[in-house]
1. Placing +1 at every Lys and Arg Cβ and -1 at every Asp and Glu Cβ, with all other atoms neutral, what dipole size does the stretch 159-300 have around its Cα centre, in debye to the nearest 20?
2. So what's the gap between the Cα centers of the stretch 239-281 and the stretch 315-349, to the nearest angstrom?
3. What net charge is computed for the residues neighbouring E553, neighbours being all others with C-beta under 12 Å from the C-beta of E553, Lys and Arg scored +1, Asp and Glu -1?
4. Residue farthest toward the positive end of the dipole of the chain, with Cβ of Lys/Arg at +1 and Asp/Glu at -1: which of S550, A113, A442?
5. Which one of Q148, Y177, N57 has its Cα pushed farthest toward the positive end of the charge dipole of the stretch 15-286, where Lys and Arg give +1 and Asp and Glu give -1 at the Cβ?
6. Report, to the nearest 10°, how far helix 187-207 tilts away from the longest principal axis of the Cα atoms in the chain, using its own Cα long axis and a range of 0 to 90°.
7. Using the 10 angstrom Cβ neighbour count as an exposure proxy, how do Y187, Y446 rank, fewest first?
8. Find which of A323, P458, T31 sits farthest along the positive direction of the dipole of the chain, computed with +1 on the beta-carbon of Lys and Arg, -1 on that of Asp and Glu, about the Cα centre.
Amino acid sequence: MRKLVAIFALVFCACTRQPRPKNIILISIDTLRSDYVTAARTPHLAAFEKESAVYANAWSHCPLTLPSHLTVFTGALPPEHGVRDNAGYRFDAQKHPTLAASLREKGFKTAGAVSAYVLRKSTGAEAGFDEYDDAIGIVDGAPLGALQRPGRVTEQIAETWIRDHKAQPFFYFLHLYEPHEPYAPTYEADVRDADAIVGDFLTFLKSEKLYDDALIVVLSDHGEGLGDHGEREHGILLYRESLQVPLIVRMPGGKASRIEEAVGLADVRNLILTAVSSGKLPDIKPHALYAESLFPRIHIGWSDLHSLVESRVHYIDAPHPEAYDLHADPTEKANAIDRYRRGYLAAHKTLQNVGGAYAAPDVVSDEEKRKLASLGYVSAGGGEETLADPKDHIAEFEQLRQAMRDQSIPELEQLLAKNPRWSDVRDLLGVAYERKGDFARAAKVYEDGISLTPHLAPEFALSAASALMDARQFDDAAKHARYAADRDAPGAQLILGEIELARGNLEAAATQERVAEGNAAEKAHALFLGARIASARRDFPRALELLQASEEERKRIEASVPEGFHYVLADTYARLGRVEDAIREFEEEIRIDPRNPRAYRDLALLQTIIGDKAGAERTKERMASAGR
């Protein structure tokens, strides 16, 4: 009898022991508000929740993509891992081992694919990954923060890698960017699309028999304002709509549970590592949750914000402090600071201890100041800061959005005069002047940005280089471009190549082209530069070959069509005697840029050469009409 009891006990233990996950998959849906995960909007995630642990009170520590993901990867808050904005800070993987690095040490093959340029390799986000796909193409005129590729493309990359590596334990990070601005066409539509992509990915895992035994984590890095407190997007304010995020964890076996205790994205790393080592999710003990946004101070000159979720109260440390009872006032509409004054004072002290003093992006060293001085920026520095409360000025963002729609130079000038460190406004104003053809004025706008926001000097120097090149001030353009290239500013090698081509230094241009071609995001545009170098050498067959390669690469990574691409292709066809192809491409260039006089003139010339005088006259009339 005792033997039977012992055997039964052994069998019972074996049957109830939690299986350890064979593979780990982390899916991040950028900018997904937790309250948008519903059966109606996200049916695939809703079905996934039915066999997962749902952390119903999960919070981000920063409403920005890069700092938040680094917190997920390291388990450290932004003040601890040191990256407190999407640009200007350096991540040290030696000091902060990442989740991927820890799992690699445990024998997992590690890989990831991202859908936003802000998570590119050079940020340090790829630390610990054996393979990390960030081939997101350049889009002419788009800010780096807006560069993205469709989640379905990224998901297919994930499927291909997993199918090729499923024989060994792996950790895969899949990042989707669909709910992020610009929406296609609405935020809710993007949420639905992201949900469908996740559904397809989970179906793929099931078809490969990888689903049941895997640890699968679905989360978001932050939410989206959607106007609830005046902010349409995210990054400035620290209200619940921007900080509360979905966190759904499926363990092998698919047991459903709901955890109400507040948890932060900084807890995710430990959650995964504990599940891998023990086969169980760790218990969540009550703890306060810190959040910050330095964006308004860094990019605009307003006050930075810090917040603390403690028990049922959300404290926001701002020039005009706030406190919200999350149970009685879940949408944070009634500031209860008078009722929670004592609690706020304690929270303020905690926030000071955790967040520390304001940490500016990469401090400009004496050597850096000397290099800026060589460009003519002797007194680089931010000057006195206007520490206005962001919530009191958030309506100005709507003014910016209207100015963006209207491309209104006076409105942008007015906004910049009030907020001279507002980098987004400066970018938009510079672009507006470039479109107007006032390249000297555009360059001045960018150059002022170097002086006022030296931590963004590489980006502004690159913009200035482009404008100066268009103004045919090649020496100054090259100085600015070299400064940007020395600091690994994306696209700097391309601009250097463009400058050398404009100067007629073909060998120097080809050298820069080869460097740029080695960057996956710049390859399509680099090949286009190579085609124009070949054309300048009158090697038109080679030019055509490079143009075709550029188009193939552009389509592969969904980069933008380089400016003037169809004109160069038309000119190449014409020189190779392929008249019909040339006419077609000239017409395409005119369709894309109806104010390009070169396309009309060369089309009319070609039509005259082949004897189509009537067609040439019509083309000239169209050119005259377009110029009005």
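1. Working: 14 positive and 23 negative charges, 137 e Å.
About 660 debye.
2. If you average the Cα positions of each part, the centres end up 27 Å apart.
3. Working: positive: K523, R554, K555, R556; negative: E517, E522, E551, E552, E558.
My count for the surroundings of E553 gives -1.
4. Going by the Cα projections, it comes out as A113.
5. N57
6. Orientation of helix 187-207: about 70 degrees from the principal axis.
7. Y187, Y446
8. T31
Throughout, read-outs are computed from the coordinates displayed, never taken from laboratory work. Just so you know, these numbers come straight off a predicted model, no measurement behind them. With ideal geometry, Cβ positions are generated from the backbone for all residues, glycine too; neighbour counts draw on all protein chains shown.
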